[in-house]
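Let me begin by presenting the structure, written as structure tokens, before commenting on it.
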Amino acid sequence: MSTILVIDDDEVMRTLAAESLRAGGHQVITAADGDEGVLIALRERPDAVVTDLMMPGRHGYQVIETLRSDSRTAGVKIMVASLKSYSSDLQLARRAGADHFLAKPYTPEALLQAVTAMLGGGKLRVKFWGTRGSIATPGPATARYGGNTSCVEVRYGTTIIVLDAGTGIRELGNALLKEFGRRPIEAHIFVGHTHWDHIQGFPFFVPAYLPGNKFFIYSARGAGKPLEKVFRGQMDADYFPVLLSDMQAHLEFVELAGPVTLGPMTIVSDYLNHPGVAIGFRISVGGKTVAYVSDHEPFYRTVEGELGEAEERKVIELTRDADLCIREAQYTEEEYPAKKRWGHSTTEDALRSAAAANVRRLVLFHHDPMHDDDFIDRLSENCQARIRDAGYKFTCKPAVEGEVIEL
């Protein structure tokens, strides 16, 4: 049992938070303003503090700064829970020393989940369900690195994020059914773009057919078509025997317009250089970051001069200091000239980008359908040699279907 201090001048929210956390087995202390909250924190030394921002006495930023500067509370976990969820407020809270940010209004379940993950120091768990690009390539020649198209699961606490819905999402769905049994499943599916290899597994995602489950599908609005219409179109009767409307789970399509906050997790996105509308993602939680860039042809490959380099720096910033960067690297330098303007990177592009962004671990992703396991082995060896020769500090390996990475 942990001790949690809730600081909030709104009595309704303060009571809701306290009851939710007590129901989760925690001991709870409350304070109605920032000054009272600081005094209690310094005296009681709780395991965690959940604080509002807009309060009488000291506002939330001052509360955080005070607790972080005092040795008695320097190690206390701090979560901001506020109606103000602008990206600038998230940045200010982090700079002040907050560990997590939870947007109001929240549900009791969301608060308990966020606090539990924060206290556990929660591990960020990444699992590869599909590593292949363009088209699925099952068979003995691709058994080691995988033949399913793009799908990566990211978990923190009880929050489930799915990056892309290629054919790999079918096996993910089967695993979720086995794990949850009759309990409802909720997950957030972030789609980089809606080319077939990134959405073609969704019609075979069995949990979406079961009532009681909830899935939120996020992406940028397409060029001329809403996100939901794209998913509905691939399940049109001309192409598939079951309609999107036959899926009985709650499906909510969200066209991204800014950062997304899911409990303690923050997901930001930015545009990539790929035919149509494509975006990459950056997931941050608990001091850890996973960046996901698929598919992307470096801007300097298609736009000459400083303009191309300037646009590419935006992509580099999306992956800046990432603990894990999952980066599309479909071609070799020798293959690229025949594939220029197809919207993909080479392994050299991925290495260069990782070095510029100071990432800690690089995973090469979106393997070309013509590259069998032996070819990827040689590709990996060449990358290791390049890393040694250039003096790069990050580690690098190819994505392996079924592999789990914990941060």
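The values are calculated or read from the model by the stated rules, or taken from the named source; none is laboratory data. None of these values were measured; they are calculated from a predicted model. Because the Cβ atoms are built from the backbone with ideal geometry, glycine has one as well, and the counts that use them run over all protein chains shown.
In the list Leu244, Leu318, Leu262, Leu251, which residue meets the criterion of being in contact with a Ser or Thr (Cβ under 7 Å, 6 or more places away or on another chain) and not basic (Lys, Arg)? Reasoning before the result, please.
Values: Leu244 fails: in contact with a Ser or Thr (Cβ under 7 Å, 6 or more places away or on another chain); Leu318 fails: in contact with a Ser or Thr (Cβ under 7 Å, 6 or more places away or on another chain); Leu251 fails: in contact with a Ser or Thr (Cβ under 7 Å, 6 or more places away or on another chain).
Exactly one residue qualifies, and that residue is Leu262.
So which helices (runs of 4 or more DSSP H) stay within segment 16-110 end to end and still have 3 or more residues that are modelled with pLDDT of 90 or more?
Values: elements: 34-44, 60-69, 87-96.
Those helices (runs of 4 or more DSSP H) span 34-44, 60-69.
Residue by residue through segment 232-258, note down the ones that are under 26 Å from the mean Cα position of the chain (by Cα) and assigned to a loop (DSSP other than H, G, I, E, B).
Met247, Gln248, Ala249, Leu256, Ala257, Gly258, listed by residue number.
Across segment 353-383, what is the number of residues that are assigned to a helix (DSSP H, G or I) and either modelled with pLDDT under 95 or more than 14 Å from Thr137 (Cβ to Cβ) (or both)? Steps first, please.
The initial filter retains those residues of segment 353-383 that are assigned to a helix (DSSP H, G or I), namely 353-357, 373-383.
Those still in the list that are either modelled with pLDDT under 95 or more than 14 Å from Thr137 (Cβ to Cβ) (or both) too: 353-357, 377-383.
The qualifying residues number 12.
Looking at (1) at pLDDT 95 or above; (2) crowded, with 16+ Cβ neighbours inside 10 Å; (3) on the phi > 0 side of the Ramachandran plot, which is the only condition Gly286 fails?
It fails just one condition, (1).
Which one of Thr289, Thr261 is of a type in the set (S, T, N, Q), touching a residue at least 40 places away in the same chain (Cβ under 8 Å) and in a strand (DSSP E or B)? First the steps, then the outcome.
On the way: Thr289 fails: touching a residue at least 40 places away in the same chain (Cβ under 8 Å).
After ruling out the rest, the residue left standing is Thr261.
Residue-by-condition table, conditions (1) free of Cβ contacts under 8 Å to residues at least 60 places away in the same chain; (2) within 18 Å of Trp196 (Cα to Cα); (3) buried (at least 20 other Cβ atoms within 10 Å of the Cβ):
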{"position": "Asp236", "(1), (2), (3)": "yes, yes, no"}
{"position": "Phe240", "(1), (2), (3)": "yes, yes, no"}
{"position": "Met247", "(1), (2), (3)": "yes, no, yes"}
{"position": "Tyr271", "(1), (2), (3)": "yes, no, no"}
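Looking only at strands (runs of 3 or more DSSP E) that fall completely inside segment 112-223, which ones have 2 or more residues that are in contact (Cβ under 8 Å) with a residue 40 or more places away in the chain and hydroxyl-bearing (Ser, Thr, Tyr)? Give the steps one after another, and end with the answer.
Values: elements: 125-130, 151-156, 159-163, 186-190, 214-219.
Output list reads 214-219.
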